[in-house]
Amino acid sequence: MSATDLGVFDKTLQESNHWLKLMMVELGTDSHRAAFGALRGTLHALRDRIGPENAVHFGAQLPMLLRGAYYEGWHPAATPTRERHLADFIEHVAAELPRAGEIEAGAAARASFAVMARCLDRGEMLKLRHLLPHEALNLWPDELLRDA
């Protein structure tokens, strides 16, 4: 018998926990709360930067539970934001993190992009490259920068 007896919920719990465990490894933490906050903060900054149409397409790729966190508090009319530099994007991530100082915003973004690269389609990730400030590629895992 499954945890909820609803396959769709069990699947999203399993997938979301997989993402969080990968985040914990990337961040070097044993805190699920910190890992979730870092991932959520980066997803929000990403969502707000890529514009409504791209944000919806990207959101559809996420596990259902993480998709809910991704859309939480979204105001599509206020997007896309206009970060042009890495520092601007990192500042946006920092503003989305739940507690200042728990996880550094650059580390949160790096870990999140590494996990996305492992869990999402490579083509989807390569598409995102062109929607972010060019300097933000400094946050991406090397395997997404080669042969792109």
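The values are calculated or read from the model by the stated rules, or taken from the named source; none is laboratory data. No experiment lies behind these values; they were computed from the predicted model shown. Here Cβ is always computed from backbone atoms with ideal geometry, including for glycine, and neighbour counts include all displayed protein chains.
When the criteria are applied in full, L139 meets the requirement of being at pLDDT 90 or above and farther than 20 Å from H18 by Cβ.
A single entry from T29, T81 fulfils the requirement of being under 17 Å from A105 (Cα atoms) and of a type in the set (V, I, T): T29. Of the residues making up the range 94-108, not a single one is touching a Phe, Trp or Tyr at 6+ places or on another chain (Cβ under 7 Å) and in contact (Cβ under 8 Å) with a residue 40 or more places away in the chain.
The single condition from (1) buried (at least 16 other Cβ atoms within 10 Å of the Cβ); (2) under 16 Å from S16 (Cβ atoms) that E104 fails is (2). Could you check, for the range 75-96, whether at least one of its residues is of a type in the set (S, T, N, Q) and within 12 Å of the chain's Cα centre (by Cα)? No: the range 75-96 contains no residue that is of a type in the set (S, T, N, Q) and within 12 Å of the chain's Cα centre (by Cα). Of the residues making up the range 57-109, those that are among the small types (G, A, S) and in a loop (DSSP other than H, G, I, E, B) are A60, G73, A100, G101. Tell me, please, whether a residue that is farther than 19 Å from M24 by Cα, among the charged types (D, E, K, R) and crowded, with 16+ Cβ neighbours inside 10 Å can be found in the range 72-86. Within the range 72-86 (the criterion being farther than 19 Å from M24 by Cα, among the charged types (D, E, K, R) and crowded, with 16+ Cβ neighbours inside 10 Å), the answer is yes, since at least one residue qualifies. Being more than 30 Å from R82 (Cβ to Cβ) and small (G, A, S) is the filter; apply it to the range 13-57 and report the residue that is surrounded by the most Cβ atoms within 10 Å (Cβ to Cβ). Applying the filter and picking the extreme gives S16. Here A60 clears all of (1) modelled with pLDDT of 95 or more; (2) surrounded by 14 or more Cβ atoms within 10 Å (Cβ to Cβ); (3) not aromatic (F, W, Y) except the condition numbered (2).
Pairs linking a residue in the range 116-144 that is within 20 Å of E53 (Cα to Cα) and crowded, with 16+ Cβ neighbours inside 10 Å to a residue that is of a type in the set (G, A, S) and at pLDDT 90 or above, with Cβ atoms under 6 Å and 6 or more positions apart or on different chains, are M125/A117. Screening the range 69-117 for residues that are of a type in the set (D, E, K, R) and in contact with a helix residue (DSSP H, G or I) (Cβ under 6 Å, 6 or more places away or on another chain) and picking the one that is modelled with the lowest pLDDT gives E102.
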